[in-house]
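Values in this text are rule-based calculations from the coordinates and carry no lab data. Owing to the predicted nature of the structure, the values given are computational and were not obtained by experimental measurement. As a convention, Cβ positions derive from the backbone with ideal geometry for all residues, glycine included, and neighbour counts pool all protein chains shown.
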Amino acid sequence: MTLFQAIIIAIVEGITEFLPVSSTGHMILTSYFMGIQNDSFTKLFEICIQLGAILSVVVLYWKKFFDFKKWQFYLKLAIAVIPALVLGFLFNDAIEELLESPLVVSISLILGGIVLLFIDKAFSNPTITTEENIKPKNGFVIGLWQCISMIPGVSRSAATIIGGMQQKLTRSLAAEFSFFLAVPTMAAATGYSLILKDWNVQGVEMKGYELLTQSSDKLMIFGVGALVSFIVAMIAIKSFISFLQKYGFKLFGIYRIIAGIIVIMLLY
């Protein structure tokens, strides 16, 4: 992976992280069509730069995120992230295999797109309009929905927003809770990938941080990628909420279906 390729992938990540179109799926497809070798460093890069994009939530919503008087807010996030932590740990190897398949991404894009075409009408009577009214059990169910996004192409954002709407949250509140939930989720995924997971590098097992610090080039590529995804996500997240309130999910559904079909045509 070159620095230029890393920047392109980071831009794709920043734009798509908070949209219901699957940032992981788009990064996999971008890497595939740019001819980037799907090695351990590429997989690690695509996982960890998502944290760069996610940190834009902390910056944009810092007043709410660091309001320690509202401990219930953190409790809800902690409960909501549990399902992903458990399933992610248990099925990490299977998930990693799926990360290698553009076909899985394409099918997920199409199926998810079909769901998004009807989601606004399916959950059209929300009763929860503020974060204070979200119960811990609502957060746990949303966390279960988030687990579906472990399949590349499903979209963590789409899964959690739909889960929120299914739990009677308004579209904008479901999107906001999805943003907040992304922080502990991706922090855990990044920490696991960097510190705990063993990566196979040409027959040698090494930790993620050892792989990153293997050369100054890899460290620079990772740092630039994380920074670019952070900056681009800052721009994308501010426009997404207003777009969602105005137009709903239908246009995203249409995009996913068209994109999935095009990719399948290119593959075959």
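Distance between the pseudo-spin-label points of residue 268 and residue 200 (7 Å out from Cα toward the beta carbon): 2.9 nm.
The string of couplings for the stretch 133-140 from the Karplus curve (6.51, -1.76, 1.60, θ = phi - 60°) is 8, 6, 8, x, 5, 4, x, 5 Hz, one whole number per residue in order, with x for Gly and Pro. Just checking the listed ones, 229, 23, 149: in the Gaussian network model of the chain with Cα springs under 10 Å, the one fluctuating most is 149. Maximal additional length on extending the residue 61-residue 78 stretch stands at 4.3 nm, based on 0.36 nm per residue less the C-alpha distance. Net length available on complete extension from residue 68 to residue 124 is 16.9 nm, with 0.36 nm assigned per residue and the Cα-Cα distance removed. Taking the Cα centre of the stretch 1-135 as origin and assigning +1 to Lys and Arg Cβ atoms and -1 to Asp and Glu Cβ atoms, the resulting dipole is close to 660 debye.
Enumerate the lysines that residue 197 could reach by cross-link, defined here as Cα to Cα under 16 Å, with residues fewer than 8 away along the same chain left out. Cα-Cα hits under 16 Å: 43, 207. Helix 23-33 axis versus longest C-alpha principal axis of the chain: approximately 30°, rounded to the nearest ten. Here r is the Cβ-Cβ distance between residue 239 and residue 192 and R0 is 22 Å; the resulting FRET efficiency, rounded to 0.05, is 0.10. If the segment from residue 38 to residue 209 were pulled out straight at 0.36 nm per residue, it would be longer than the present Cα-Cα gap by 59.7 nm. Pairs of alpha carbons in the stretch 175-235 separated by more than 17 Å make up 55% of all such pairs. The residue among 6, 104, 87 whose Cα reaches farthest toward the positive pole of the charge dipole of the stretch 3-114, with charges on the beta-carbon of Lys, Arg, Asp and Glu, is 87.
For the Cα atoms of the chain, what angle does the longest principal axis make with the long axis of helix 216-247, in degrees from 0 to 90, nearest 10? The angle comes out at about 20 degrees. Each of 152, 60, 167 was placed along the dipole of the stretch 3-267 (beta-carbon charges, centred on the mean Cα), and the one lying farthest toward the positive end is 167. The H on the amide N of residue 38, modeled in the peptide plane, is under 5 Å from the matching H of no residue at least 5 residues off or on a different chain. Which angle between 0 and 90 degrees, to the nearest 10, do you get for helix 156-166 versus the longest principal axis of the chain when only C-alpha atoms count? With rounding to tens, the tilt is 20 degrees.
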